[in-house]
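Report on the following structure.
Read-outs throughout are calculated quantities, based only on the coordinates presented, and are distinct from any laboratory measurement. Model, not experiment: these values are computed from the prediction. Cβ: placed from backbone, ideal geometry, glycine included. Neighbour counts: every protein chain shown.
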Amino acid sequence: MYVSSGGRQTTGGAGSLPPCGSVEGSGERRAPVLQDRLSVGDEDHVEGKVGEDKTLTLMTSKQMAAFKTDKEPRPLLEQLAFEPVAERKLAKPELGHLAKAGAGPHRHLVEMRGPSGLSVGETVTVEAFEPGEQVRVSGISVGKGFQGTIKRHGFTRGPVTHGSHNIRKPGSIGASATPSRVFKGRRMPGRMGGTRVTQPSLVIHEVDLERNLLVIRGSVPGPKSGIVQIRGAQ
């Protein structure tokens, strides 16, 4: 198993609050977990074997279910603190916020809708998941920068011979006098990637309780060393 370094990105926030996952086949709700995406490898790479199916290995450190609020009209919200850091790396308001729940300094703090059945200060690990279970994984997709219509939207290029000047051009974007404007939603060049993406119906391949690892079969969004949020499929 190999680990590559890279930038870290947080997911979630108070603006768009995803609901906590639920155990499949029951009404029980539980807290999702936040994890570091480590590497891509063969299905059985943990045991040193070679498999055909590709999986993604993710790792999490211990997390603290930090705070709850049920003030009207806001729904019940819960926060998870992730990745312990040195106290000097946080501002005093952040340290005081975490100290109220008895949690130490953490780099990331993500807010989600509850209830999940957790108490303040409780630790969340990969023990909540089982092999073969379907999950949803959310993360910040890999940023591609400013891209043209062929890469961004799958447009087809024009001919490259007989004096054609339309090799990778986007083409017409609307009429002239009528309507004298460009309709909203027109597919054009622009920034690609770097947005929150949720990949549904991924399958837990293996749960390593000793190292607090999850091995997931399927396409997990985000770069290596990015932060992803794992929830139940429903």
Tell me which residues come under 5 Å, amide H to amide H, from Glu122 once H is placed; ignore anything under 5 positions away on its chain.
Ala65
Return the distance in nm (one decimal) between the two label points of a simple spin-label model at Thr123 and His153, each offset 7 Å from Cα along Cα→Cβ.
5.1 nm
Can you report the principal axis dimensions of region 145-192 using only the alpha carbons, biggest first, rounded to whole angstrom?
34, 29, 13
Per its Cα gyration tensor (rounded if a/c is under 1.5, else prolate when a/b beats b/c, else oblate), region 90-234 is best filed as prolate
Provide the packing ranking of 153-166, 197-210, 100-113, i.e. peptides ordered by the mean count of other C-beta atoms within 10 Å per residue, highest first.
100-113, 197-210, 153-166
Let me check against my output: what whole-number percent is the relative contact order of region 145-192, with C-alpha pairs under 8 Å and at least 6 apart?
48 percent
